[in-house]
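Let me begin by presenting the structure, written as structure tokens, before commenting on it.
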Amino acid sequence: QNDPAWCRQQLDVMKGYDYDFFTKLCKLFQGGWTHANATKGGKIYQDVRAFDFASSYPAVMTTRTMPVGEFIQCDPSEFDQLVAQDLNYPDYRWFAKIKVSNANSIVMSRLQNTYWSLSKCEETTGYVTTDNGRIASCESMTIYLTDLDYDTFKQSYMFDTVEVLELYK
């Protein structure tokens, strides 16, 4: 259903963003993550069922709040406070550019199906990919992610340190 007021509001928000900020948003939003299980690919199965553990289409969009105002840059020291919000009823939606690393020099996937794609990293060192370019492990990675992505990222990877390079709410 077409909502002219909502469309105008989104257009007004986007007019406030310069090219550099728009490119950050392009790096941020992931789109679909559809792919085969790396251990099952290349085989034919009957009576298959699929499970989508983190879909934004349409489940998250209808069950979570989404940002409708303009993002503003805030101090990286606010990161822990923003992370601590209830994901279902936050005061702010946020996104960040972070560098993730581990004191033992490895960021390692907790899951058989790895989550983060190498193509969505700004910088990655010492990486091992699997499952069609997904990161199984790395020494460090610099990425943009939303609050919802960060929640899934924490469930998917073992790591010790997060350095917040940029933060927007």
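Looking across region 141-158, just one residue is open to solvent by 40 Å² or more (accessible area, probe 1.4 Å) and in contact with a strand residue (DSSP E or B) (Cβ under 8 Å, 6 or more places away or on another chain), and that is Met158. Restricting region 14-26 to residues that are at pLDDT 85 or above and among the charged types (D, E, K, R), the residue that is least open to solvent (accessible area, probe 1.4 Å) is Lys24. In region 101-109, the count of residues that are touching a helix residue (DSSP H, G or I) at 6+ places or on another chain (Cβ under 8 Å), touching a residue at least 24 places away in the same chain (Cβ under 8 Å) and within 22 Å of Leu25 (Cα to Cα) is zero. A single entry from Tyr92, Tyr115 fulfils the requirement of being in contact with a Ser or Thr (Cβ under 6 Å, 6 or more places away or on another chain) and under 20 Å from Leu28 (Cβ atoms): Tyr115. Do we have any residue at all in region 85-104 that's surrounded by 13 or more Cβ atoms within 10 Å (Cβ to Cβ), modelled with pLDDT under 95 and farther than 22 Å from Lys169 by Cβ? Looking through region 85-104, at least one residue is surrounded by 13 or more Cβ atoms within 10 Å (Cβ to Cβ), modelled with pLDDT under 95 and farther than 22 Å from Lys169 by Cβ.
Among the residues of region 39-59, those identified as modelled with pLDDT of 65 or more and among the aliphatic types (A, V, I, L, M) are Ile44, Val48, Ala50.
The values are calculated or read from the model by the stated rules, or taken from the named source; none is laboratory data. Bear in mind that the values here come from a model prediction, so they are computed numbers and not experimental data. Here Cβ is always computed from backbone atoms with ideal geometry, including for glycine, and neighbour counts include all displayed protein chains. What goes into the accessible areas is simple: the full protein's heavy atoms, side chains included, and nothing from ligands, DNA or RNA. Shrake-Rupley method; radii C 1.70, N 1.55, O 1.52, S 1.80 Å.
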